[in-house]
1. Summing +1 for each Lys or Arg and -1 for each Asp or Glu, what net charge is found among the other residues whose Cβ lies under 9 Å from the Cβ of B:ALA66?
2. Which loop trypsin sites (Lys or Arg not before Pro) in the stretch A:53-110, with loop taken from DSSP, have no more than 16 other Cβ atoms within 10 angstrom of their Cβ?
3. Going toward the positive end of the dipole of chain B, with +1 on Lys and Arg Cβ and -1 on Asp and Glu Cβ, which of B:ALA142, B:THR15, B:MET61 do you reach last?
4. Helix check for chain B. Which DSSP H runs span at least 30 Å along their own axis by Cα, with a mean Kyte-Doolittle hydropathy no less than -1.0?
5. Give the longest segment of chain B that steers clear of GluC sites (Glu not before Pro) in DSSP loops with at most 14 neighbouring Cβ atoms within 10 Å, not counting the sites themselves.
6. Determine the calculated [θ] at 222 nm for chain B from helices alone, applying -39500 (n - 2.57) to every DSSP H run no shorter than 4 residues and normalising by the residue count; nearest 500 deg cm²/dmol.
7. Around A:SER15, what is the net charge, scoring Lys/Arg as +1 and Asp/Glu as -1 over all other residues with Cβ under 9 Å from its Cβ?
8. Taking chain B, how much of its Cα-Cα pair set, in percent, is spaced more than 25 angstrom apart?
Amino acid sequence: MDQHMALNILVVDDSLVMRTMIIKTLRLSGLELGEIYQASNGQEGLRVLEDNWVDLALVDINMPVMSGEEMIDKVRQDPGISDLPVVVVSTESSETRIEMLQKKGAEFVHKPFTPEILRETITGVTGVTNEQGSSGTDEFSGNDF
Amino acid sequence: MSKVQAELMSSAVMTFEDMGFVFAMPELEEEHHTAPFEGAAEVGFSGPFSGRLIISLYGQMMGELAANMMGEDEPPPVQQQHDALGEIANVICGNVLPKVGGSREIFYISAPRYIEQPNELDQHADNDSSVQVSVPLDDGRADVTLFVKDWRFEDDPGTGGR
C-alpha cells in the first residue's frame with residue numbers, strides 16, 4: 001500500500017454513538033482520511049465493500065444480523081478483498097478470543113481507546129505513515145477524544 | 001472495598017473518563033447521595049457464569065456524557081443519550097469480566113437495554129450474588145452493579161463507594 005495516501009475507511013458497529021465516536025477519533029488521529037463509510041452490521045459492511053474501494057475496515061464483534069467475526073471470515077474467503085486490513089474495535093478482553101481474531105488476520109483495539117492507539121494500530125496494519133499537515137489537523141484538547 | 005469492587009470501580013472510572021470526559025471525584029459527598037435518578041442501562045452476559053451489569057445515573061449528566069462521547073457541543077437526541085449510556089455499560093462490562101472471571105475465559109455480552117424507571121432496577125434484586133460501587137462524578141453519581149447467577153464472588157462483596 002502507498003505510504004502516502006488518504007485512507008478510505010469502513011466503520012462497522014451497530015451503535016450509531018460508537019460509530020460517531022470512532023469517526024471522531026479517526027479525525028483526531030492525524031491520519032489523512034479519504035471517504036468514511038458506515039455500516040451497522042457485518043452484512044451491510046460486506047455490501048459497502050462490494051460497491052466501494054475501501055483501504056481499511058474497523059469492525060465491532062457483537063452485532064445483530066451478522067457479527068464482525070463472520071464478516072471477517074467472509075472477507076478472507078473473497079479473493080477480491082481477502083487481503084483487506086481489518087482492525088477489530090471491541091470491548092472484548094478475552095485473550096483466547098483476541099488470539100482467535102488475530103489468527104483471522106485482524107488487529108485489535110480495545111474500547112475505550114485513544115487517537116494515538118488508533119493511529120498506531122492503523123499505521124501498523126496498513127503501512128500508511130503519512131499524517132495531515134498542521135493546517136488540516138485537529139488538535140487534541142481536554143474535551144476532545 | 002473487595003477485589004471485585006476495586007476492579008469494577010477501576011473499569012467504571014476509566015470508562016467514564018476516557019470515553020465520556022466525565023471525571024470521578026475523590027469521595028462521595030452529600031449532593032451525590034441526594035441526586036435524583038436520571039436513567040439506567042444494562043447489558044447481560046453469558047460464559048463461565050452469567051448475569052448482567054447495570055449502570056444507574058443520578059443527577060444531570062446523560063446529555064453532557066453523550067455530547068462528549070460524540071464530539072458535539074450540544075446534547076444529542078434523547079435516544080442517542082440512552083444509546084451512549086448503554087455503550088458505557090457495555091465497555092465497563094467488557095473490561096471487568098475478564099478481571100473477575102479470568103483473562104482467557106470467553107464471555108458473550110448482549111446488546112445494551114435502556115431502563116427508564118428506577119423500579120425496574122429492583123427486579124434484579126433477587127439474583128444470586130451482586131456487587132455494587134458508587135462513582136462520584138462532577139454532576140451526580142453512577143451506581144454500577146454486577147449481578148451474577150449461580151456463582152459467588154470469592155471475597156463476598158457488599159456495596160462500596162469511591
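1. -3
2. Here the sparse-neighbourhood loop sites are A:LYS104.
3. B:THR15
4. Helices meeting the span and hydropathy rule in chain B are B:78-101.
5. Excluding the exposed sites themselves, the longest stretch runs over B:73-115.
6. Working: 4 runs with 56 residues, N = 162.
That comes out to -11000 deg cm²/dmol.
7. Spelling it out: positives minus negatives among the neighbours equals -4.
8. 24 percent
Taken together, the values in this text are just the output of simple stated rules run on the coordinates, not laboratory data. Computed from a predicted model, the values in this text were never measured in an experiment. Virtual Cβ from ideal backbone geometry, glycine too; neighbours counted across all protein chains shown.
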